[in-house]
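For reference, the structure discussed in these notes is given below.
Please treat every number below as a calculation from the coordinates, not as lab data. A quick note: this is a predicted structure, and the numbers were derived from the prediction, not measured. Please note: Cβ atoms are built from the backbone with ideal geometry, for glycine as well, and neighbour counts cover all protein chains shown.
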Amino acid sequence: MSEQSNRVGEVIEASTTAFTAQCYELYGSPPLGSLVKTGDGEIEQYGIVYNTVTESIEPGRRPIARGKDEVSEEDIFRSSPQLLKLLRTEFSSLVVGYRREGDVFHYLPPNPARIHNFVYECGNDEIKEFSASFDFLNVIINSGLPVPVEEVVAASLRRMSRVYDNPQQFLVAAGKELAAALGGEFNRLKSVLAKIR
């Protein structure tokens, strides 16, 4: 699969710790926990998708129900094709590392992503390379995200495990890292481990 086919959107908001991308396709966001990347050629930033929103393109204007006389949801879009132009899907990613000159670092890059940088879903080989170290887990655990951190950690580990020949071995290793990182927080650890079983 080419990188072009992995492109899912463009950065529309960025900070040192996160970036938000607008999807090219309505409902085209990578799933929760996906590893995505964006960059300017010199530095590629890696992010974990932690939130997705689909809303009206006009601030303060909410979509209205349109399906009372329709048989299916597809019929709504068929009878009102303009809806595809009036709605947008955006996803937010927590920056968990970056690549510079071929080396991968599991901490924050020196600068935020640029507006209109393309955003790509990472392929299997890149996910394996990035997840060879679990240092990124500390970034997520200590992030203070506006969504449950345990859900994001578990979703990212489940997704990453799928690229390995032995997913269970990967998850056991991740569990050990989490036990060290969350040593004094038994309930948080138990919550994550239950979700990655």
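Percent relative contact order of region 103-187, based on C-alpha pairs within less than 8 angstrom and at least six residues apart?
27
Any chance you could give the angle, 0 to 90 degrees and rounded to 10, that helix 149-161 forms with the longest Cα principal axis of the chain?
That helix lies at roughly 80 degrees to the long axis.
Using Cα pairs under 8 angstrom and six or more residues apart, how large is the relative contact order of the chain, in percent?
That works out to 26 percent.
If every alpha-carbon in the chain counts as one equal scatterer, what log10 I(q)/I(0) does Debye give at q = 0.11 1/Å?
-0.56
Report the gain in length on full extension from Ser72 to Thr52: 0.36 nm times residue separation, minus Cα-Cα distance, nm rounded to one decimal.
Extending this stretch completely gives an extra 4.8 nm.
Please give the peptides 180-189, 154-163 ranked by average Cβ packing (other Cβ atoms within 10 Å per residue), highest first, as a rough proxy for protection. Before the final figure, lay out the partial values.
Numbers: 180-189: 13.2, 154-163: 20.4.
The densest-packed peptide leads the list: 154-163, 180-189.
Per the Kirkwood treatment, what hydrodynamic radius in Å, one decimal, follows for region 88-155 from the mean inverse distance over all distinct Cα pairs?
Roughly 13.6 Å, rounded to one decimal.
Show that you can apply the helix-only estimate: for the chain, add -39,500 (n - 2.57) for every DSSP H stretch of four or more residues, divide by all residues, and state [θ] at 222 nm to the nearest 500.
-9000 deg cm²/dmol
For helix 186-196, what angle does its Cα long axis make with the longest principal axis of the chain, in degrees from 0 to 90 and rounded to 10?
60
Between region 67-87 and region 160-197, what is the separation of their alpha carbon centroids in Å?
Value for the Cα centre distance between the two parts: 42 Å.
Taking amide H positions as placed in the peptide plane 1.01 Å from N, state which residues far from Val96 in sequence (5 or more) or on other chains have amide H under 5 Å from it.
Sorted by chain and number, the residues that satisfy this are Tyr46, Gly47, Ile48.
Sort 80-87, 41-48 for me by packing, meaning the mean count of neighbouring Cβ atoms within 10 Å per residue, highest on top. Present the calculation step by step, with values, prior to reporting the outcome.
On the way: 80-87: 11.6, 41-48: 19.9.
Result, highest mean first: 41-48, 80-87.
Pairing the Cα long axis of helix 167-181 with the longest principal axis of the chain, what angle in degrees results, from 0 to 90 and rounded to the nearest 10?
Tilt of helix 167-181: around 70 degrees.
Could you tally the net charge around Gly67, taking each other residue with its Cβ under 14 Å from the Cβ of Gly67, Lys/Arg +1 and Asp/Glu -1?
Here the charged neighbours net out to -2.
Could you go through region 68-73 in sequence order and give the Karplus-derived ³J(HN,Hα) for each residue, using 6.51 cos²θ - 1.76 cosθ + 1.60 with θ = phi - 60°, rounded to whole Hz, and x for Gly and Pro?
So the J values, rounded to whole Hz, are 4, 9, 9, 7, 9, 5.
Could you run the Karplus curve 6.51 cos²θ - 1.76 cosθ + 1.60 with θ = phi - 60° over region 9-15 and give me ³J(HN,Hα) per residue in whole Hz, x for Gly and Pro?
x, 9, 5, 10, 7, 8, 9
Could you order peptides 64-70, 141-147 by the average number of other Cβ atoms within 10 Å of their residues, highest first?
Highest to lowest by the protection proxy: 141-147, 64-70.
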